Amino acid sequence: MAQVKYFVGLDMASSTFTAATGTTPWKVMLKPQEFENSEDGFQALLEWLAKHQISAGQSVVCMEATGVYGESLAYFLYVKGYRVCVEPPLKVKRAFKPNGPKSDAVDSLQIAEYACRYLDQLSVWQPKSEILEQMRVLLSTREQFVGQRTAHKNTLQAIQRKVVKTPFAEQAHLQIIEQLKKQIRAIDQEMRRLIENDPTFKHMLLLLISIPGVGFLLAAHLILLTQTSLDHRKLASYLGVAPNQHSSGSSVYKPATSRHFGPPASRKLLYLAACSVRTHRHEFTSYFLRKTAEGKSPRLVLNNIANKLIKIACAVLSSNTPYIPNYRPVQPLSLKNALTRS
């Protein structure tokens with residue numbers, strides 16, 4: 001980032017936020033100041049910065065990723081022309097020794113110093129597409145409703161097995177289950193409407209559902225996940241299906257395993273897709289049987305199939321071409337020899 005002279009650190013809270021500023025080489029310029037986490041507080045922050053001649057073109061505003069607490073301020077500063085960086089709290093925490101006092105003022109100063117020290121590693125925050133934000137909320141809401149429906153079904157089964165029946169409780173659970181089913185269907189319809197009204201996302205959806213085992217829900221998750229990168233290795237690592245080595249020297253060794261980090265809903269859908277193609281697609285069935293015959297764990301082979309589906313999804317989106325069932329990659333040297341012989 002060129003022409004950066006001032007660093008503004010923001011420590012966000014529910015009702016307030018604390019701002020501190022420094023300059024490069026790192027030196028505290030203004031003591032921490034507390035503002036309300038509201039439109040009036042946002043405007044007061046701009047007036048405070050303008051009073052001390054801290055312009056948008058010469059400054060970087062850094063805050064920790066605290067969900068909805070800092071979202072409104074990030075949008076506000078972005079519209080006003082400020083470069084906003086939203087960093088993971090763990091990265092900021094690990095940049096400083098775990099000693100000394102902790103307060104909002106101290107945290108804001110540390111965030112500002114972090115932005116100064118790691119300026120070359122910061123990435124400027126950009127607001128996401130409105131449709132993508134709505135899709136993210138809808139998918140999260142759907143997952144919550146599915147979990148609640150499962151909980152009510154399990155409770156209903158337990159009540160129905162009791163010797164002493166309670167018809168009122170059974171009817172209450174049945175009504176809630178039916179209402180949740182209606183809401184889940186409504187969410188699915190709304191997501192389809194959002195995607196179909198946008199030509200770009202509609203085309204991405206058509207490409208993804210051409211892949212065996214990929215349905216609408218998994219395609220919607222993949223559309224969100226592939227907005228930042230189409231590197232299948234990074235995506236597999238983020239989803240927690242990429243095996244990671246665990247060894248050190250000659251005494252510490254464990255087989256490579258997946259850590260199961262990342263969004264559990266996307267990983268669950270990917271696992272179900274792997275189970276589906278393992279059963280219904282000949283090429284994946286033969287691969288599964290061959291690897292299990294070699295002594296591989298069935299769960300490990302399913303994890304490999306999930307990685308293959310991620311790789312296919314990234315290839316389909318990057319090439320802008322639907323899935324070709326009988327596609328075989330051609331080696332450049334083999335192609336050159338074939339053309340020479342012909």
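Within region 275-313, count every residue that is of a type in the set (A, V, I, L, M, F, W, C) and under 12 Å from Val241 (Cα atoms). Let's see the steps before the verdict.
Here is the first cut: in region 275-313, the ones of a type in the set (A, V, I, L, M, F, W, C) are 275, 277, 284, 288-289, 293, 300-302, 305-306, 309-310, 312-313.
Applying the additional criterion that residues be under 12 Å from Val241 (Cα atoms) yields 300-302, 305-306, 309-310.
Matching residues across region 275-313 total 7.
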Tell me, yes or no, whether region 95-112 has at least one residue that is surrounded by 15 or more Cβ atoms within 10 Å (Cβ to Cβ), over 28 Å from the mean Cα position of the chain (by Cα) and not in a helix (DSSP H, G or I). no
The helices (runs of 4 or more DSSP H) lying entirely within region 161-263 that contain at least 3 residues which are of a type in the set (S, T, N, Q) are 167-196
Residue in region 225-236 that is nearest to the chain's Cα centre (by Cα), counting only those that are touching a residue at least 12 places away in the same chain (Cβ under 8 Å) and open to solvent by 60 Å² or more (accessible area, probe 1.4 Å): Gln227
So which of Leu122, Leu139 is aliphatic (A, V, I, L, M), touching a Cys at 6+ places or on another chain (Cβ under 7 Å) and open to solvent by less than 50 Å² (accessible area, probe 1.4 Å)? Leu122
Could you tell me whether region 246-259 includes any residue that is buried (at least 20 other Cβ atoms within 10 Å of the Cβ) and farther than 16 Å from Val316 by Cα? yes
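Take Gln189 and decide whether it is farther than 26 Å from Glu283 by Cβ, out of contact with any strand residue (DSSP E or B) (no Cβ under 8 Å at 6 or more places or on another chain), open to solvent by 80 Å² or more (accessible area, probe 1.4 Å) and free of Cβ contacts under 8 Å to residues at least 60 places away in the same chain.
Details: farther than 26 Å from Glu283 by Cβ: yes; out of contact with any strand residue (DSSP E or B) (no Cβ under 8 Å at 6 or more places or on another chain): yes; open to solvent by 80 Å² or more (accessible area, probe 1.4 Å): yes; free of Cβ contacts under 8 Å to residues at least 60 places away in the same chain: yes.
Spelling it out, Gln189 is indeed farther than 26 Å from Glu283 by Cβ, out of contact with any strand residue (DSSP E or B) (no Cβ under 8 Å at 6 or more places or on another chain), open to solvent by 80 Å² or more (accessible area, probe 1.4 Å) and free of Cβ contacts under 8 Å to residues at least 60 places away in the same chain.
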Boolean, Gln58 is open to solvent by 40 Å² or more (accessible area, probe 1.4 Å), within 20 Å of Asp104 (Cβ to Cβ), in contact with a strand residue (DSSP E or B) (Cβ under 9 Å, 6 or more places away or on another chain) and at pLDDT 90 or above: no
The lone exception for Phe35 - which of (1) modelled with pLDDT of 95 or more; (2) over 28 Å from the mean Cα position of the chain (by Cα); (3) over 15 Å from Gly9 (Cβ atoms) it fails: (3)
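Condition check ((1) hydrophobic (A, V, I, L, M, F, W, C); (2) surrounded by fewer than 18 Cβ atoms within 10 Å (Cβ to Cβ); (3) touching a Gly at 6+ places or on another chain (Cβ under 7 Å); (4) free of Cβ contacts under 8 Å to residues at least 24 places away in the same chain) across all residues:
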{"position": "Thr16", "(1), (2), (3), (4)": "no, yes, no, no"}
{"position": "Val68", "(1), (2), (3), (4)": "yes, yes, no, yes"}
{"position": "Tyr82", "(1), (2), (3), (4)": "no, no, no, no"}
{"position": "Cys85", "(1), (2), (3), (4)": "yes, no, no, no"}
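Could you go through region 25-33 and let me know if any residue there is touching a Cys at 6+ places or on another chain (Cβ under 6 Å), part of a loop (DSSP other than H, G, I, E, B) and either open to solvent by less than 40 Å² (accessible area, probe 1.4 Å) or farther than 18 Å from Asp104 by Cβ (or both). Talk me through it step by step, then tell me what you get.
Narrowing region 25-33 to residues touching a Cys at 6+ places or on another chain (Cβ under 6 Å): 26.
Imposing the further condition that a residue be part of a loop (DSSP other than H, G, I, E, B) reduces the set to 26.
Remaining after also requiring either open to solvent by less than 40 Å² (accessible area, probe 1.4 Å) or farther than 18 Å from Asp104 by Cβ (or both): 26.
Scanning region 25-33, I find at least one residue that is touching a Cys at 6+ places or on another chain (Cβ under 6 Å), part of a loop (DSSP other than H, G, I, E, B) and either open to solvent by less than 40 Å² (accessible area, probe 1.4 Å) or farther than 18 Å from Asp104 by Cβ (or both), so the answer is yes.
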So, in region 148-166, how many residues would count as being surrounded by 12 or more Cβ atoms within 10 Å (Cβ to Cβ) and within 24 Å of Ala265 (Cβ to Cβ)? 8
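The values are calculated or read from the model by the stated rules, or taken from the named source; none is laboratory data. All figures in this text were calculated on a predicted structure; none of them were measured in a lab. Glycine also receives a Cβ, built like all others from the backbone with ideal geometry; neighbour counts cover every protein chain displayed. Areas reflect the complete protein model, heavy atoms only, side chains present, ligands, DNA and RNA absent. Shrake-Rupley method; radii C 1.70, N 1.55, O 1.52, S 1.80 Å.
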